[in-house]
Amino acid sequence: MDELVNEIIEELTIELQNQPTFNADILANKVKGAYRKVRSRKCYENTSYSEEQINADLRARHYQDILDMALYDFAKIGGYFETSHSENSISRTWRTEDEILGNIVAFVKMF
């Protein structure tokens, strides 16, 4: 996890560091949370994957999903659970997590 998470943190730091609300600690927290969300959706406990195989699968298939989810959560700081927001002629509506993570297919256990 650490190597993958650190790589995503570095990538997002480059992208966001000049934003006035940038905070490296909060970004790291959001990336770790996104990693856990994606990992949970995959249901690796239904497989015999080792920790190394899990991280390789997440890197190969879900790197962008983790990055997108972290960016999504970071962008929503201060706007928790909002469905829309209007201020000074700016209007915001958030996509759902399911729209961001919709391409993740969980492993299933067959009996």
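Could you go through the stretch 10-28 and let me know if any residue there is in contact (Cβ under 8 Å) with a residue 24 or more places away in the chain, touching a Ser or Thr at 6+ places or on another chain (Cβ under 7 Å) and crowded, with 18+ Cβ neighbours inside 10 Å.
Yes: the stretch 10-28 contains one or more residues that are in contact (Cβ under 8 Å) with a residue 24 or more places away in the chain, touching a Ser or Thr at 6+ places or on another chain (Cβ under 7 Å) and crowded, with 18+ Cβ neighbours inside 10 Å.
Determine whether Ala56 is part of a helix (DSSP H, G or I), under 24 Å from Glu10 (Cβ atoms), free of Cβ contacts under 8 Å to residues at least 40 places away in the same chain and open to solvent by 50 Å² or more (accessible area, probe 1.4 Å).
Yes, satisfied.
Looking at (1) part of a helix (DSSP H, G or I); (2) without any contact (Cβ under 8 Å) to a residue 24 or more places away in the chain; (3) surrounded by 14 or more Cβ atoms within 10 Å (Cβ to Cβ); (4) of a type in the set (Ser, Thr, Tyr), which is the only condition Tyr63 fails?
Every listed condition holds for Tyr63 apart from (2).
Of everything in the stretch 69-108 that's open to solvent by less than 70 Å² (accessible area, probe 1.4 Å) and under 24 Å from Asn46 (Cβ atoms), which residue is modelled with the highest pLDDT?
Out of the qualifying residues, it is Met69.
The values are calculated or read from the model by the stated rules, or taken from the named source; none is laboratory data. Because the structure is a prediction, the values reported are computed rather than measured. Here Cβ is always computed from backbone atoms with ideal geometry, including for glycine, and neighbour counts include all displayed protein chains. For accessibility, only protein heavy atoms count, side chains too; no ligands or nucleic acids. Shrake-Rupley method; radii C 1.70, N 1.55, O 1.52, S 1.80 Å.
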